[in-house]
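Okay, structure first, notes after.
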Amino acid sequence: MTKTMRAVQVPRAGGPFEIVEREVPEPPAGWVRIKVEACGICHSDSLVKEGHWPGIQYPRVPGHEVIGVVDAVGPDVARWKSGQRVGVGWHGGNCGYCDNCRRGDFFACSVALLTTGIDFDGGYAEYMIAPAKALASVPNELAALDSAPLMCAGVTTFNALRNSGARGGDTVAVLGIGGLGHLGVQFAAKMGFKTVAIARGKDKEPLARKLGAIDYIDSQAQDPAEALTKLGGAKVVIATVTNAGAMTAVLGGLGPNGVLMVIGAAGPLSVDSILLIGGQRSVKGWYSGTSIDSQETLAFSASAGVQSMNEVFPLERAADAYERMMSGKARFRVVLRVGRDH
Ligand SMILES: [Zn+2]
Ligand SMILES: [Zn+2]
């Protein structure tokens, strides 16, 4: 008798989430099967739900913030064994031999770029299969439900910060205190940056300070660029918001050689070229990271005590959980509890 599992799939672009019974998949060569324990819901899941990703094959199971346990190992897989705790994030794989891969720019693979929950089924299911190359080892101290968002929101902010050029003691501002930003403030503080949080209104100040910010700028009450300049100017601003105007407004608060690191998908962004030239400032985007970046995000989070704040829903309420995430009101990430026994 074939073993079946519950999965939540999107039947077609723009279609509703469906809870279905499916056969538990067998891992092909180079892949493993994972018993999923938790899967975060990310705004990028809307690419699957709404069909904004070219060439996507339906039905598709979304989910790229996965924590679980290796349950079966396909042929030709070194290192990974059944029973190991693993995470899977956005970057599902790359060819390893195209020019971009040979330069180490795996995110830009031009031959076989694989995205979890888009090119193959993701973590809104009791089991999933993933390429062994996509696996990150999960430290024992991290609980699955707590840490699933570290596999996308976490690695994106952590990796953007550690590749920003800022050094310990530099002033780093985090623009936006939401799903990405509440992690960004913690990572920045634990990395030893003078961490400034920027958000609209007063209500997020106590939380931002609790997470490690030493200054808070209310961008409704004051000009955030002026306020940053008064603090000496930022070496880096990590822009986590989805509002391009809010990014434009902080540019003048970058110090000499300062960098605006953009990780919030905000569409076209207006930048004053005089500000770039005068201060040798720059604007840069950052892709989340590969499996080793995720693994280092998890390890850093375990040792430094960085935690995602999550609202948890059971798998069968994936539709409600997704709506909650899309409403922008969740504090701060939404996570599906998938297994029954934890
Ligand atoms: Zn994501
Ligand atoms: Zn490649």
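Please treat every number below as a calculation from the coordinates, not as lab data. Given the structure is predicted, the values throughout are model-derived calculations rather than measurements. A quick note on method: Cβ atoms are made from the backbone with ideal geometry, for glycine too, and the neighbour counts reach across all protein chains shown.
Based on Cα coordinates alone, diagonalise the gyration tensor for the range 265-332, multiply each eigenvalue by 5, take square roots, and list the semi-axes in whole Å, largest first.
33, 21, 11
Pairs 202/230; 190/329; 202/284; 194/329; 133/284; 133/329: which are spaced more than 24 Å apart, C-alpha to C-alpha? Don't jump to the answer; show the numbers that get you there.
Details: 202/230 19 Å; 190/329 26 Å; 202/284 29 Å; 194/329 28 Å; 133/284 27 Å; 133/329 34 Å.
In this structure, 190/329; 202/284; 194/329; 133/284; 133/329 exceed 24 Å between Cα atoms.
Treating only the Cβ of Lys, Arg, Asp and Glu as charged (+1, +1, -1, -1), what charge dipole size does the range 123-219 show about its Cα centre? Round to the nearest 20 debye.
260
Principal axes first, then extents: for the Cα atoms of the range 62-198, list largest minus smallest coordinate on each axis, whole Å, largest first.
48, 38, 26
Scaled to the compact-protein estimate 2.2 N^0.38 Å, what is the alpha-carbon radius of gyration of the range 9-104, rounded to two decimal places? Display every interim value, and only then the final one.
Working: Rg = 15.3 Å, N = 96, 2.2 N^0.38 = 12.5 Å.
Cα Rg divided by the expected 2.2 N^0.38 Å: 1.23.
Can you give me the Rg/Rh ratio for the range 1-65, using Cα atoms for both radii and the Kirkwood formula for Rh?
In the range 1-65, Rg relative to Rh is 0.98.
Over all directions, what mean area does the Cα convex hull of the range 196-342 project, stated in square nanometres?
Convex hull of Cα atoms, orientation-averaged projection: 11.0 nm².
Go ahead and estimate [θ] at 222 nm for the chain from helices alone: -39,500 (n - 2.57) per DSSP H run with n ≥ 4, summed, over the residue count, rounded to 500.
That comes out to -6500 deg cm²/dmol.
Using a Debye calculation, one point per C-alpha and no hydration shell, please list log10 I(q)/I(0) for the range 50-137 at q = 0.10 Å⁻¹ in order.
Log10 of I(q)/I(0), two decimals: -0.27.
Among 261, 107, 289, whose Cα lies farthest out toward the positive end of the dipole of the chain, if unit charges sit on the beta carbon of Lys, Arg (+1) and Asp, Glu (-1)?
261
Taking each pair of different alpha-carbon atoms in the range 228-304 once, compute 1/r for the pair, average those values, and report the inverse of that mean as the Kirkwood hydrodynamic radius in Å to one decimal.
13.7
Could you pull out every one of the aspartates and glutamates with an alpha carbon less than 12 Å from that of residue 81, ignoring same-chain neighbours closer than 8 positions?
71
Return the Cα extents of the range 146-225 along principal axes one, two and three, sorted largest first, each rounded to a whole Å.
Projected onto the principal axes, the Cα atoms of the range 146-225 cover 34, 28, 19 Å.
Quick check for me: using +1 on Lys/Arg Cβ and -1 on Asp/Glu Cβ, what's the dipole size of the chain about its Cα centre, in debye to the nearest 20?
Around 520 debye, computed over the chain.
Dimensions of the chain along principal axes (Cα, Å, largest first)?
69, 43, 38
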